[in-house]
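See below for the structure under consideration.
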Amino acid sequence: MRILYQLLVVLFMMLQGAAGQPFSPWPFDLCVAQNGRCFPGICRRPYYWVGTCHNGFSCCRRYVEV
């Protein structure tokens, strides 16, 4: 049964390649998943640094007071 799932994954990857869409094993951007935005340089107010984006920019998230 496990090999059936692996064959389905391979088929899915082949169909995406045929459609011209690049396949990424991570379907989401980690910065966006943290409610952040990518900025060149350092984060300025009202944003604070939460990580690095895939392109080397700073991942910044807006500071929200509760």
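Here are a few things to note about the model shown:
- Close amide H partners of Tyr47, meaning residues 5 or more places away or on another chain with modelled amide H under 5 Å apart, are Tyr63.
- Using θ = phi - 60° in the Karplus curve 6.51 cos²θ - 1.76 cosθ + 1.60, the 3J(HN,Hα) couplings for the range 48-57 round to 9, 6, 10, x, 10, 7, 5, 9, x, 6 Hz; x is entered for Gly and Pro.
- Taking every protein chain into account, the 1.4 Å probe leaves Phe12 with about 110 Å² of accessible area, to the nearest ten.
The values are calculated or read from the model by the stated rules, or taken from the named source; none is laboratory data. No experiment lies behind these values; they were computed from the predicted model shown. For the accessible areas, the whole protein counts, side chains as well, though only heavy atoms, and no ligand, DNA or RNA atoms are used. Shrake-Rupley method; radii C 1.70, N 1.55, O 1.52, S 1.80 Å.
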